[in-house]
Amino acid sequence: MFTEENLKKVEELKKRYPTTQALTLPVLWLAQEQFGYVSEETMKYVANLLHVPFGHILGVVSFYTMFHREPCGRHHLEVCTNVSCMLRGSDQIVNHLEKKLGIKMGETTKDKRWTLSEVECMGSCGSAPMFAVGEEYYENLSIDKVDQILTELK
């Protein structure tokens with residue numbers, strides 16, 4: 001269940017959108033912020049709350065990489081592997097992160113500290129390669145810069 005504060009936010013959002021189906025993205029974002037990820041139970045809750053089919057909610061969560069269906073680590077590293085980043089070394093950064101963290105792409109460390117994810121273009125092609133940690137973007141990455149960022153995040 002949403003907190004009272006989030007239920008109020010949903011009611012405010014309803015005033016700005018033409019249908020409850022149009023609320024899907026912002027309400028799922030609220031759910032992920034509150035619960036940390038979007039479980040099947042959460043998807044059913046949102047579907048009931050918005051009076052839309054569960055399949056619609058599942059389709060949205062499955063399509064958008066910003067929604068996480070499993071809990072993420074405290075630090076979620078999202079590495080862009082699209083063309084510009086790949087051409088400027090994102091594959092070496094991915095390999096380095098996998099070795100350093102002891103996990104593969106799409107996994108979370110056993111201590112729940114790190115999650116490593118691959119994402120498509122994050123709009124930073126001119127300063128590739130890049131990754132995001134939560135809402136922070138890090139650009140013009142090198143192996144040394146990645147190590148410095150990880151050290152600061154500990």
Filtered residues of region 47-94 (kept if among the β-branched types (Val, Ile, Thr), in a loop (DSSP other than H, G, I, E, B) and under 18 Å from the mean Cα position of the chain (by Cα)): 65, 81
Matching residues in region 73-88 - criterion: being buried (at least 17 other Cβ atoms within 10 Å of the Cβ) and β-branched (Val, Ile, Thr): 79, 81
Test: residue 97 is modelled with pLDDT of 95 or more, part of a strand (DSSP E or B) and not assigned by TED's automatic domain parsing to the domain that holds residue 32: no
Count - residues of region 69-107 that are out of contact with any helix residue (DSSP H, G or I) (no Cβ under 7 Å at 6 or more places or on another chain) and within 17 Å of residue 122 (Cα to Cα): 12
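Regarding region 26-44, can at least one residue be identified that is part of a loop (DSSP other than H, G, I, E, B), at pLDDT below 95, out of contact with any helix residue (DSSP H, G or I) (no Cβ under 7 Å at 6 or more places or on another chain) and surrounded by fewer than 18 Cβ atoms within 10 Å (Cβ to Cβ)?
Yes, region 26-44 contains a residue that is part of a loop (DSSP other than H, G, I, E, B), at pLDDT below 95, out of contact with any helix residue (DSSP H, G or I) (no Cβ under 7 Å at 6 or more places or on another chain) and surrounded by fewer than 18 Cβ atoms within 10 Å (Cβ to Cβ).
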Some residue of region 67-82 being of a type in the set (Ser, Thr, Tyr) and assigned by TED's automatic domain parsing to the domain that holds residue 127: yes
Enumeration of residues in region 40-73 that are of a type in the set (S, T, N, Q) and in contact with a strand residue (DSSP E or B) (Cβ under 9 Å, 6 or more places away or on another chain): 65
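The values are calculated or read from the model by the stated rules, or taken from the named source; none is laboratory data. Everything numeric in this text was worked out from a predicted model, so none of it was measured. Every residue, glycine among them, receives a Cβ derived from its backbone with ideal geometry; neighbour counts consider all protein chains shown.
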